[in-house]
Protein chains: 2
Amino acid sequence: MTITATTPQERMHAARTASRSLGLLTDAAKADLLRSIAAAIEANIAPIVAANAEDLARGRADGLSTGLLDRLTLDDQRVRALAAAVRDVAELPDPVGRVLDERVLPNGLHLQKVSVPFGVIGSIYEARPNVTVDIAALALRSGNAVVLRGGSAAQSSNAALISVMRGALAEAGVDPEAIQTVDDFGRDGARALMRARGLVDVLVPRGSAQLIETVVTESSVPVIETGAGVVHIVLDESAPLEWATDIAVNAKVQRPSVCNAVETLLVHRGAAERLVPPVVAALQAQGVTVHGDDATAALAADVVPATEADWATEHMSLDISVRVVDDLDEALAHIRRYSTQHTESIITADDAAAERFLAEVDAAVVMVNASTRFTDGGEFGFGAEVGISTQKLHARGPMGLPELTTTKWLARGAGQIRS
Amino acid sequence: MTITATTPQERMHAARTASRSLGLLTDAAKADLLRSIAAAIEANIAPIVAANAEDLARGRADGLSTGLLDRLTLDDQRVRALAAAVRDVAELPDPVGRVLDERVLPNGLHLQKVSVPFGVIGSIYEARPNVTVDIAALALRSGNAVVLRGGSAAQSSNAALISVMRGALAEAGVDPEAIQTVDDFGRDGARALMRARGLVDVLVPRGSAQLIETVVTESSVPVIETGAGVVHIVLDESAPLEWATDIAVNAKVQRPSVCNAVETLLVHRGAAERLVPPVVAALQAQGVTVHGDDATAALAADVVPATEADWATEHMSLDISVRVVDDLDEALAHIRRYSTQHTESIITADDAAAERFLAEVDAAVVMVNASTRFTDGGEFGFGAEVGISTQKLHARGPMGLPELTTTKWLARGAGQIRS
């Protein structure tokens, strides 16, 4: 479905107009719409893969890394997986129309606070074409129109996917302007999107810390920040060795490149001799490079000296920083200083220490005796994840479909006036 | 209680440190703290009124209007009213510690989503010293520290009130740095507050549309916008005359200077002959100047011609704009174009029209057969009002204490790792 609007502003206006009818669709209509999109994607695998081949050829010519090329690649199987993910979102409960508060005033005025779509959601993200389909599906399922700005390296793939999705909307009798892209305007498109206060209701950046920082700083549209995770695990004095080892290894090794992977272990001095040697050895056995302070290096072999920069680094690799702290106070102070308020966990057999940690740590998710890898919309049972918010306004932690709605008060009266 | 920190940044750092212990106070401790503040205000009426006299003298010398001088004035009775308002906030239920979601994952990991204080709340507002006490009380009751920037015309009054409140904190054994002002840094103070992302968690501007626009545009701290109200009432074809008259008069006349007062009446053409003459006459009998379109002027006497600017104006005075529209579609289109998404109401006897209006109008509060003056935290039964949010992120409509909290997920496990 071709886009005819010729400026970013025209496209965002068109998205806003489309959002009005979208917001009135029933649960069944929205679910059907997503199933139509999934079917259209499956019916267009060849042109989508062909468009992706253009991006890959350009990427290779531009010298993109193997990792980036892999994230950019769409083959038959990956396109089918995209369609399947859209079908999964179709099955989720409608986040719109929930009655969140209800009260009758003494004068009989009946109030209801109900969930409604935002209207238009914007997203700025990097060269992963799956995000294009992912965000569009989540936005439509929650009754929102969407304006997309993907990475230029994925421009052909995104154009193909957006064209297929817009075609599916038109075929289903829904205004295709509900899915917009500003990819073809380059940086101007991103800028226009960040300044579209009044046209776009919320902007969700997804990607590197630098991308998110730019959006947070430059956008006048309200932003939901999905931030970096400098994630800590505290091994308390009473930490059981098996939990400490299993959780540290799981949180670091299972998928090191994601935001809920652990970056720093803080070990209570009273347990350092007992815990540091086996935990470090278990990590090293999985190929992890351990960056340790002097106390850690004194207790284990092959420890790289940790630098000040290490404590603030989201490695996103098989690297971990390890520090021995005097007590829980020092662990909490370290976390206050370096945490990005994503996820923090303590391993302990001491209930008082556990409850103190839960109460005092300021983060989206605070855990006791569990792997930080559980901070995830899928794991939390949300069925889909829009991202993991590290800000305090509107949404904090894993965001599901309900976080893509706002509220509206409905007041039904019979002539009430204020005295 | 004297402030010793010498830069805005130092004061905001001190507020953040103080917020940590504040966030751990019990419900009873926070309520007691507010009662101590109320008592301290009552014990210091003379110095507060004396400080206010300095502001008033400067204000008169600077030629402030009578209205502004009145809003600036604190006398014995008004100071007592401030203390009474603090005691009312003390009686409200604690918004912290509510369990908003709870789930146990298949692996036994127990999750709770609980309400927690933001941490540090900033507020930028105009020369009304009552706001100083009001915001500080609401912030403390919800476990937050506060950084205040009031209008320079109220600087002496604010300094006196803040000193008294900080003294009450110190006496109660609470870190007095929990209440901060950046008033004495002039515009630099406001600028520092708007750029304190990471130190200040949320900024609530209160005052004129221009003040709010400046904060929204310049702040990198997340803002809750409390905006202007270009509020409409639609008199539908079936609107009962008595309701139409009573509600239009109440919504315009009861308190014309506030954001929930009506600014524009949209009258269905099919009811214009029946409704325009008596409704306009009833408004004029209360001293209201009616700015009408041609159709309105043809049906009623003494109608001032409405200009294009009138439709977009928040009069905040005994002025109202009146337009005859062809049908509900045209009324909805007018509202889409000129509404500030604060409050919109329809007067109708037609259930289908009522439900369509409730579903299609995009505003914080949408009403049927009620005065728009009910959009108010007190009227809604919140016990206190932080402001009326006209944005869609985090809070929409009247904000009570719960809107001054964010959430945190607590996860309690027994060694769970992700497979």
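Ordering B:L161, B:L241 from largest to smallest accessible area (1.4 angstrom probe), what's the sequence?
On the way: B:L161 0, B:L241 70 Å².
Correct descending sequence by accessible area is B:L241, B:L161.
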Write down, largest first, the equivalent ellipsoid semi-axes of chain A in whole Å, where each equals the square root of 5 times an eigenvalue of the alpha-carbon gyration tensor. 42, 29, 18
Using the crude model of +1 on Lys and Arg Cβ and -1 on Asp and Glu Cβ, and no other charge, please compute the dipole size for chain A relative to its Cα centre, in debye to 20. 1960
With Cα springs under 10 Å, the Gaussian network model of chain A assigns the largest mean-square fluctuation among A:G198, A:G207, A:G119 to A:G198
Between copies, how far apart are the B:L211 label points? List them in nm, one decimal, shortest first, with each point 7 Å from Cα toward Cβ, please? 3.9
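Against the 2.2 N^0.38 Å scaling, with N counting residues, where does the stretch B:365-419 land? I'd like the Cα-based Rg ratio to two decimal places. If you can, show how the numbers build up before the last one.
Details: Rg = 18.1 Å, N = 55, 2.2 N^0.38 = 10.1 Å.
Ratio of Rg to 2.2 N^0.38 Å for the stretch B:365-419: 1.79.
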Rg over Rh, two decimals, the stretch A:231-374 (C-alpha only, Kirkwood Rh): 0.91
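Given N residues in the stretch B:163-272, what is its alpha carbon radius of gyration divided by 2.2 N^0.38 Å? Please report the intermediate quantities before stating the final value.
Numbers: Rg = 21.8 Å, N = 110, 2.2 N^0.38 = 13.1 Å.
In units of the 2.2 N^0.38 Å rule of thumb, it is 1.66.
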Heavy-atom accessible surface, probe 1.4 Å, ligands and DNA/RNA ignored: which residues of the stretch A:344-370 lose at least 50 Å² versus the isolated chain? A:L358
Residue-averaged [θ]222 nm for chain B, counting only DSSP H segments that reach four residues, each worth -39500 (n - 2.57): -13500 deg cm²/dmol
List the distances, in nm and shortest first, from the label point of B:T307 to the matching label points in every other copy, placing each point 7 Å from Cα along the Cα-to-Cβ direction. 6.4
Between the residues B:L109, B:V322, B:I135, the Cα farthest towards the positive end of the dipole of chain B, that dipole coming from +1 and -1 charges on the beta-carbon of Lys, Arg, Asp and Glu, is from B:L109
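Taking every DSSP beta bridge with both residues inside the protein assembly as shown, roughly what % is antiparallel (nearest 5)? Don't skip to the end; give the middle numbers.
Details: 32 of 120 bridges.
That works out to approximately 25 percent antiparallel.
With every protein chain left in place, what is the accessible area per residue of chain A in square angstrom, probe 1.4 Å?
Details: 15420 Å² over 419 residues.
Ligands and nucleic acids excluded, the figure is 37 Å² per residue.
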Direction-averaged shadow area of the convex hull around the Cα atoms of the stretch B:240-322, nm²? 4.8
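Please report, in debye to the nearest 20, how large the charge dipole of the stretch B:231-374 is about its Cα centre when each Lys and Arg carries +1 at its beta carbon and each Asp and Glu carries -1 there. Mind showing how you got there, number by number?
Working: 9 positive and 23 negative charges, 97 e Å.
Value, rounded to 20: 460 debye.
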Compute the normalised compactness of the stretch A:100-176: alpha-carbon radius of gyration over 2.2 N^0.38 Å, N being the residue count. 1.57
Across chain A, where is the longest run that never hits trypsin sites (Lys or Arg not before Pro) in a DSSP loop with at most 16 other C-beta atoms within 10 Å? A:196-419
Chain A: antiparallel bridges as % of DSSP beta bridges, rounded to 5, reads 30
For the A-to-B rotation axis, chain A residue with nearest beta carbon and its distance in angstrom: A:H394, 2
Given unit charges at Cβ for Lys, Arg (+) and Asp, Glu (-), the dipole magnitude of the protein assembly as shown about its Cα centre in debye, nearest 20, is 200
Given the options B:I347, B:Q254, B:A244, identify the residue whose Cα lies farthest towards the positive end of the charge dipole of the stretch B:231-374 (+1 on Cβ of Lys, Arg; -1 on Cβ of Asp, Glu). B:Q254
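Using the Kyte-Doolittle scale, find the helices of chain A whose mean hydropathy is at least 0.5 and whose Cα atoms extend 20 Å or more along the helix's long axis, counting only whole DSSP H runs. Write down the numbers at each step before the final one.
Numbers: long enough: A:8-22 (21 Å, -1.10); A:27-43 (24 Å, 0.56); A:45-61 (24 Å, 0.37); A:76-90 (22 Å, 0.09); A:155-171 (24 Å, 0.45); A:269-285 (25 Å, 0.56).
Answer set is A:27-43, A:269-285.
To the nearest whole percent, what portion of all C-alpha pairs in the protein assembly as shown is separated by more than 41 angstrom? Walk me through the numbers on the way to the answer.
Working: 142510 of 350703 pairs.
The calculated P(r) of the protein assembly as shown puts 41 percent of pairs beyond 41 Å.
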What's the carbon and sulfur percent of the protein assembly as shown's accessible surface, probe 1.4 angstrom, rounded to a whole number? 51
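Once A and B are treated as a pair rather than alone, how much accessible area drops out, both sides summed, in Å² to 100, probe 1.4 Å? Could you put the intermediate results ahead of the total?
Details: alone 18300 and 18350 Å², together 30870 Å².
That pair hides around 5800 Å² of surface in total.
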The alpha-carbon center of the stretch A:215-272 and that of the stretch B:298-313 are separated, in whole Å, by 62
Every other copy gets compared here: list the nm distances from the A:D184 label point (7 Å along Cα to Cβ) to its counterparts, shortest first, one decimal. 6.0
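Which value, in Å³ per residue, describes the convex hull spanned by the Cα atoms of the stretch B:1-114?
Values: hull volume 21.3 nm³, N = 114.
Per residue, the Cα convex hull of the stretch B:1-114 comes to 187 Å³.
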For chain B, the charge dipole (Cβ of Lys, Arg +1; Cβ of Asp, Glu -1; about the Cα centre) points to a positive end, and the Cα of B:I37, B:T4, B:G227 closest to that extreme belongs to B:T4
How far is the Cα center of the stretch B:56-86 from the Cα center of the stretch A:146-173, in Å? 58
Long-range lysine pairs (8 or more apart or interchain), the protein assembly as shown, Cα under 21 Å: 12
Give me the percent of DSSP beta bridges within the stretch A:231-374 that run antiparallel, rounded to the nearest 5. 0
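The values are calculated or read from the model by the stated rules, or taken from the named source; none is laboratory data. Since the model is a prediction, treat every value here as computed from it, not as a measurement. Cβ coordinates were reconstructed from backbone atoms using ideal geometry, including for glycine residues, and neighbour counts include every protein chain displayed. When the accessible area is computed, the model is the full protein with side chains, heavy atoms only, and any ligands, DNA or RNA have been set aside. Shrake-Rupley method; radii C 1.70, N 1.55, O 1.52, S 1.80 Å.
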